[in-house]
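To start, the structure under review is shown below, and the notes come after it.
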Amino acid sequence: MRIDKFLWCIRFYKTRAIATEECKKNRVLSEDIPLKPSREVIVGSIYTVRKNQINYRIQVIQLPAGRVGAKCVSLYIKDLTEPEQIEIMKTRMQAQNYYRQKGLGRPTKKDRRNLEDYIPDWDDDE
């Protein structure tokens, strides 16, 4: 199985085209050697994938027949990512949540109607 298809099958990338593009940009490595998208995946090998400025290390356990569900991914790969990289990811997620809490943004239609009921209409004074 090709490396780009494998990364798509284990849900590392949303589309196979994105996986191919990432391989072409030298973001998929095997022993610090960039891989072409057509490189065959070998069971037991370790790959480094750079995604969202984080270096993920994965070891291939077995090859899937096709795209697998999110719950089944652990049957095919073993995550060997360093704890420092995971901490970087958690820090970035917390920083994003700090600036904008979920639900705080453009008001919904219901919120707008509640605001209209609360705020008096100033044009009625005429």
Quick test of your reading of the structure: Ser30 fulfils all but one of (1) surrounded by 15 or more Cβ atoms within 10 Å (Cβ to Cβ); (2) touching a Leu at 6+ places or on another chain (Cβ under 8 Å); (3) of a type outside the set (Asp, Glu); (4) farther than 23 Å from Met93 by Cα. Name the failing condition by number.
(2)
Criterion first (surrounded by fewer than 12 Cβ atoms within 10 Å (Cβ to Cβ) and either at pLDDT 90 or above or within 22 Å of Ala17 (Cα to Cα) (or both)) does Ala95 satisfy it?
no
In segment 68-95, which residues are without any contact (Cβ under 8 Å) to a residue 60 or more places away in the chain, of a type in the set (A, V, I, L, M, F, W, C) and not in a helix (DSSP H, G or I)?
Val68, Leu80
Residue selected from segment 51-77 under the condition out of contact with any helix residue (DSSP H, G or I) (no Cβ under 8 Å at 6 or more places or on another chain) and of a type in the set (D, E, K, R), by the criterion surrounded by the most Cβ atoms within 10 Å (Cβ to Cβ)
Arg57
Taking the stated definitions as given, is Val43 without any contact (Cβ under 8 Å) to a residue 40 or more places away in the chain and buried (at least 19 other Cβ atoms within 10 Å of the Cβ)?
no
Looking at segment 1-27, which of the residues that are over 19 Å from Cys72 (Cα atoms) and among the acidic types (Asp, Glu) is surrounded by the most Cβ atoms within 10 Å (Cβ to Cβ)?
Glu22
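The values are calculated or read from the model by the stated rules, or taken from the named source; none is laboratory data. On a predicted model such as this, the values are computed, not experimentally measured, just so you know. For neighbour counting, all protein chains shown are included, and Cβ atoms are generated from backbone atoms with ideal geometry for every residue, glycine included.
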